[in-house]
Amino acid sequence: MDVSFLSVLVFGFLMGIKHAIEPDHIIAVSTIASQSKKIGRSALAGVFWGVGHTTTLFILGITLILLKSQIPEVWAMSLEFLVGIMLVYLGIDSLVRIKKEKIHAHAHPHRDGYVHNHFHSHGTLVTHEHQHKNVSYYKSAAIGFIHGLAGSAAMILLTMETVQTVWQAAAYIIVFGLGTVCGMLLFTTVLAIPFVMSTRSTGIHFWLARVTGAISICFGFYYMYQLGVVEGLFRLWM
């Protein structure tokens, strides 16, 4: 492998890590991380986000590079606008989920002797027997997929300016994707820590979840306003 191309791949990996920690990415995944009581599950949700994100970039990116085409500006901005809608939905979904459940705490022993306070709903249960609700990895992958659509236009331009052949483009996008997976794995792990540590306190835990949902909603509307009004997407639609 050419040394210069190897340096390009290293650059792509670092750019992937940087891309993973953009505010809209972190906020979206934090709504998923807030649902988990285990750091490992939240970290895995970040991995699935990265896989969904990379899959979209790879398929769409290689297709457009082969066709020597680009995404029209109005379509690129509309896909970005979709991210804003998604953030609002995720925030509302998080708040509704908390309010909908008749949540309370009780001591919950495990077979290994470990005891912790468990928060759950009796909406459909009449006893305290239950299973832990797992994080939706499919949902995380879907979020990454939408983010990949939104970032595909910029990614294609960066790739075409950086490499010379389709094979190099494929390698660059894959390495970039690995960077996003690693970056999101790291930051979802960090994001999960306060939620996991607060599971012993009902008030703090669900206060954090509500704040996360509210931030997602506010940032989503701000994101749509910037694209629609400030950057002129609404005018392009008309």
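Could you give the dipole magnitude of region 10-98 about its Cα centre, charging the beta-carbon of Lys and Arg +1 and that of Asp and Glu -1, in debye to the nearest 20?
For region 10-98, the charge dipole is close to 420 debye.
Sum up the charges of everything whose Cβ sits under 11 Å from the Cβ of residue 80, counting Lys and Arg as +1 and Asp and Glu as -1, but leave residue 80 out.
-3
Below 14 angstrom from the Cβ of residue 140, what's the summed charge of the other residues (Lys, Arg +1; Asp, Glu -1)?
That works out to +1.
DSSP loop chymotrypsin sites (Phe, Trp or Tyr not before Pro) in region 178-238 with at most 12 other Cβ atoms within 10 Å of their Cβ, which ones?
Passing both the DSSP loop test and the Cβ count: no residue.
Hey, got the Cα dimensions of region 197-238 along the principal axes, in Å, largest first?
Principal extents (largest minus smallest coordinate, Cα): 52, 12, 10 Å.
Taken together, the values in this text are just the output of simple stated rules run on the coordinates, not laboratory data. Bear in mind that the values here come from a model prediction, so they are computed numbers and not experimental data. All Cβ positions, glycine included, derive from the backbone under ideal geometry; neighbour counts span all protein chains shown.
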